[in-house]
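The values are calculated or read from the model by the stated rules, or taken from the named source; none is laboratory data. On a predicted model such as this, the values are computed, not experimentally measured, just so you know. Glycine gets a Cβ as well: all are built from the backbone with ideal geometry, and neighbour counts include every protein chain shown. Side chains included, ligands, DNA and RNA excluded: accessible areas come from the protein's heavy atoms. Shrake-Rupley method; radii C 1.70, N 1.55, O 1.52, S 1.80 Å.
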Amino acid sequence: MSDQKKLTTGPLVLMIFTTIFGFANTPVAFEQMGYGAILWYVLGALLYFLPSGLMYAEYGAALKESKGGIYSWLDASISERWSFIATFIWLSSWVIWQVMVSQKVCITIATIFCGHDTTDTWHLFGLNSTLTVALISILFVIVVTFIASRGIDSIAKVSSVGGLAIMGLNLLLIIASIIIFFANHFKLAQPLTNVSQLATSVNPQFQSPIGMISFVIYAIFAYGGLESLGGVTDSLKEPEKTFPRGIIISTIVIGIGYAFTIFLWGISTNWNAVINNNNVNLGNITYVLMQNLGVVLGKALGMSTNAALTMGSVFSRLSAIGMLLAYLGSFFVLIYSPLKSFIMGSPKELWPKKVTKLNKHGMPEFAMWIQTTVVSILIAGIAIASVLAHKDSKFLYNVITSMSNVSTTVPYLFLVGAFPFFKKEKLDRPFVAFHSHRFMMFVVIVTMITLIIGDGFTILQPFLSQDWITAVATLVGPVGFGLIAWILYHTRSKRKSNATKTEN
């Protein structure tokens, strides 16, 4: 690739922004912490996003020819055993993601047709709403697996349309909020009377010291996905200057973008009036806030009550359509891409033969169906546990979100922790972000502490409150998949050792 065609800072920042910035992250942040989320999102940018981005860039630049993704990064830094286990835990994050999104798809469909979340009223075959949504979610995952295993990936192109729709929603939020702000004579729906509100939570669940600190995991989750861009350094013009500059600018832009967007929700949304009720949960919060935004905008423009309610319904439907397109596009890719990358990038002898076999469409079909079985069991298990414990949908989506946050961020502990070992390896390094060993160790330690605090307090909180379902479910991904990986690696290594002894 010639220098004229290589990426400069501007396109790199745009690429990072579109990959990382998630529209649905800010409604969740406002639901959980109100304005208090702003501080934690800024800290997440400074203590995780910026340093880890530079580390991942070094990994990707030195190992750009590797096909195994983060497995290759870890394998070049630490032992094969721990690389396999860590990447298997990373794979659990995508499994949990499927559990979460498959159920959120039901909410988007309900919102598109009804203007709001009606899944609490769904009943099939005598099942209650929780089990009905779980059943439909399982069927959805099965159908997507069947289609994706046939290599029909053109449906994934809807993700680009979904991306444009999400950008449109961001623009709609900004314009509507500005109009409301001026029309209401600069009065906020959620009052901001003290600077301490920018660090504390209006939500009782996050008012304790442990609750507040545990929220850092939401901020880290919001900046997740940067590891997927680690390999673009060879496409950059002067990568040793362009990537650090791009990461620094992206940290500022995305950090301010998240903080500004969280503040915008406070212009139209009063936390107690809109969010503090049992019908609002982490699954439907985006559509609740968008519907409220439309209603408040209608009133600010002098519309009648019915017209304002209609505008609210239009806003919620538009957001649901955008999110559905994004969910579908992502699902059809992510149901096989991380799995295939791991299987094809790691040594084949570590896997049973059926798992590594690709069908005529180039898909690891057998492995995909195993993954779908695990996803289905998790969906059913969480739903049944919630019903038996007499928990509502708010509790269900809190559990799923906690599972997703922890399972997504635990692998970052391995990537950051392995970085000093990676720096010791003799590799061709076209890009180096950390030249000083002492400074590199300082950055690694700070980032590790941030991740450990976030994951540790998130895991600890349900145990302290004796919420055993959330406590067990949160550990299912990292512990369960880590244990499976250890057993699989131990078994295959033992067989390989025995085969070698037999040959000798």
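Okay, here's what the table says:
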{"read-out": "Residue identified as modelled with pLDDT of 85 or more, among the aliphatic types (A, V, I, L, M) and more than 20 Å from Trp90 (Cβ to Cβ) among Ile469, Ile487, Ile459, Ile452", "value": "Ile469"}
{"read-out": "Members of the stretch 127-156 that are closer than 19 Å to Asn359 by Cα and either open to solvent by less than 10 Å² (accessible area, probe 1.4 Å) or modelled with pLDDT of 90 or more (or both)", "value": "Ile142, Val143, Val144, Thr145, Phe146, Ala148, Ser149"}
{"read-out": "Residue in the stretch 405-423 that is more than 30 Å from Met100 (Cα to Cα), in contact with a Ser or Thr (Cβ under 7 Å, 6 or more places away or on another chain) and exposed (fewer than 14 other Cβ atoms within 10 Å of the Cβ) present", "value": "yes"}
{"read-out": "The stretch 272-285, residues that are in a helix (DSSP H, G or I) and open to solvent by less than 10 Å² (accessible area, probe 1.4 Å)", "value": "Ile275, Ile285"}
{"read-out": "Gly60 vs. criteria at pLDDT below 85 and surrounded by fewer than 21 Cβ atoms within 10 Å (Cβ to Cβ)", "value": "no"}
{"read-out": "Residue ranges of helices (runs of 4 or more DSSP H) in the stretch 1-91 with at least 3 members more than 23 Å from Val410 (Cα to Cα) and out of contact with any Pro (no Cβ under 6 Å at 6 or more places or on another chain)", "value": "9-20, 25-33"}
{"read-out": "Residues of the stretch 157-188 satisfying the condition of being at pLDDT 95 or above and of a type in the set (Ser, Thr, Tyr)", "value": "Ser177"}
{"read-out": "The stretch 216-263 - residue that is more than 24 Å from Val28 (Cβ to Cβ) and open to solvent by 60 Å² or more (accessible area, probe 1.4 Å) and, of those, modelled with the lowest pLDDT", "value": "Asp234"}
{"read-out": "Residue selected from the stretch 187-199 under the condition open to solvent by less than 60 Å² (accessible area, probe 1.4 Å) and not small (Gly, Ala, Ser), by the criterion farthest from the chain's Cα centre (by Cα)", "value": "Leu188"}
{"read-out": "Residue ranges of helices (runs of 4 or more DSSP H) in the stretch 403-503 with at least 2 members basic (Lys, Arg)", "value": "481-503"}
{"read-out": "Test: Phe88 is under 22 Å from the mean Cα position of the chain (by Cα) and either among the basic types (Lys, Arg) or open to solvent by 10 Å² or more (accessible area, probe 1.4 Å) (or both)", "value": "yes"}
{"read-out": "Residue satisfying condition, being among the hydrophobic types (A, V, I, L, M, F, W, C) and not in a helix (DSSP H, G or I), within set Leu358, Leu324, Leu339", "value": "Leu358"}
{"read-out": "Selection count, the stretch 475-494, where residues are aromatic (Phe, Trp, Tyr) and more than 27 Å from the chain's Cα centre (by Cα)", "value": "1"}
{"read-out": "Filter result for the condition that a residue is over 30 Å from Met55 (Cα atoms), in contact with a helix residue (DSSP H, G or I) (Cβ under 6 Å, 6 or more places away or on another chain), in contact (Cβ under 8 Å) with a residue 12 or more places away in the chain and of a type in the set (Gly, Ala, Ser), over Ser313, Ser319, Ser330", "value": "Ser319"}
